[in-house]
Structures are given as structure tokens and as C-alpha cells.
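There's a structure below that I have some questions on.
The values are calculated or read from the model by the stated rules, or taken from the named source; none is laboratory data. Fair warning: this is a prediction, and the values are worked out from it, not measured in the lab. Counting neighbours? That spans all protein chains shown, and the Cβs are built from the backbone with ideal geometry, glycine included. The accessibility values were calculated without ligands, DNA or RNA, using every heavy atom of the protein model including side chains. Shrake-Rupley method; radii C 1.70, N 1.55, O 1.52, S 1.80 Å.
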Amino acid sequence: MPYYLYQDAYTAEAWAAQVKNPQDRVEAVRPVVERLGGRIVNAWLSFGEYDVVAILEMPDNVSVAAFAIAVAASGAVKAGKTTPLLTPQEWVEAARKAGGLSYQPPR
């Protein structure tokens, strides 16, 4: 199954709710990911541009997009980012395919 880097930034209201009632949001979200046929490989809270960083293993782009849309629609995040990840083997395969192409840049 494909892997994805998922990042989001909480709204001030979501942070206020967490301060009032601290909870492990990874465990709260795990059933949603599993319902889509995926799994949370690992997740972290971070500081900086994004508050949550997770590696998800999901069946396909549509499933991970559904997850991201559901989170965004909840209103708890002000920004989100999903990045498809390639294994080293997939990258080698892509590089081999690229080597057989003759792309001409614009001139």
C-alpha cells in the first residue's frame, strides 16, 4: 500500500479544546483511517508550521484524500498538507523509467 506524509495545523479553537480537555488525537483518528482501509504508521505533535505530522499507509489516493477532506471539513485545522511518499525501490523504478524517456524542455 502507498505511504503518505500527512501534516496539519490546528485552529486556535482546536487548541483551546485540547487545553480544556487534553486527549490523544492519534487514537481518536485511528478508527477513521482504519475505516478507509489504512493505518497510522506513526504520528507526532510538532512545533513550527504544522502541529501534527503522521505517516499513513492508505490503499490509494482517493482514500487519503477522503481522510484529508473529512479532517478539513471538521473545522479543527487551518491548514493541511498530504504528500505521497515513494519507497527507495519505487524511486529506483521511477528513475529507470525516466531514463528511457527523452523529454525536451521548452526553448
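Could you identify the single residue in Ala76, Ala43 that is surrounded by 13 or more Cβ atoms within 10 Å (Cβ to Cβ), over 12 Å from the mean Cα position of the chain (by Cα) and of a type outside the set (Asp, Glu)?
Ala76
Here is a follow-up. Any idea how many residues of region 4-27 are in a helix (DSSP H, G or I) and closer than 19 Å to Lys78 by Cα?
10
One line per residue, one yes/no per condition, for (1) of a type in the set (A, V, I, L, M, F, W, C); (2) modelled with pLDDT under 95; (3) in contact with a strand residue (DSSP E or B) (Cβ under 7 Å, 6 or more places away or on another chain):
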residue: Tyr6; (1), (2), (3): no, no, yes
residue: Ala28; (1), (2), (3): yes, yes, no
residue: Glu34; (1), (2), (3): no, no, no
residue: Phe47; (1), (2), (3): yes, yes, no
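A follow-up question, please. So which pairs qualify, if the first residue must be in region 37-51 and under 15 Å from Thr82 (Cα atoms), the second must be open to solvent by less than 40 Å² (accessible area, probe 1.4 Å) and assigned to a loop (DSSP other than H, G, I, E, B), the Cβ gap must be under 6 Å, and the two must be at least 6 apart or on different chains?
The qualifying pairs are Gly38/Met58.
Condition check ((1) under 28 Å from Glu90 (Cα atoms); (2) in contact with a helix residue (DSSP H, G or I) (Cβ under 7 Å, 6 or more places away or on another chain); (3) open to solvent by less than 90 Å² (accessible area, probe 1.4 Å)) across all residues:
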| position | (1), (2), (3) |
| --- | --- |
| Leu5 | yes, no, yes |
| Tyr10 | no, no, yes |
| Ala17 | no, no, yes |
| Pro31 | no, no, yes |
| Leu36 | yes, yes, yes |
| Glu49 | no, no, no |
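Also: Evaluate region 81-93: report whether one residue or more is surrounded by fewer than 14 Cβ atoms within 10 Å (Cβ to Cβ), of a type outside the set (Ser, Thr, Tyr), in contact with a Gly (Cβ under 7 Å, 6 or more places away or on another chain) and under 17 Å from Tyr3 (Cβ atoms).
Checked region 81-93: no residue is surrounded by fewer than 14 Cβ atoms within 10 Å (Cβ to Cβ), of a type outside the set (Ser, Thr, Tyr), in contact with a Gly (Cβ under 7 Å, 6 or more places away or on another chain) and under 17 Å from Tyr3 (Cβ atoms).
Taking only pairs six or more apart or across chains, which ones have beta-carbon atoms under 7 Å, a first residue in region 58-75 that is under 10 Å from Tyr4 (Cα atoms) and touching a residue at least 24 places away in the same chain (Cβ under 8 Å), and a second residue that is among the hydrophobic types (A, V, I, L, M, F, W, C) and outside any helix (DSSP H, G or I)?
These pairs meet every condition: Met58/Met1; Met58/Leu36; Val64/Leu56; Val64/Met58.
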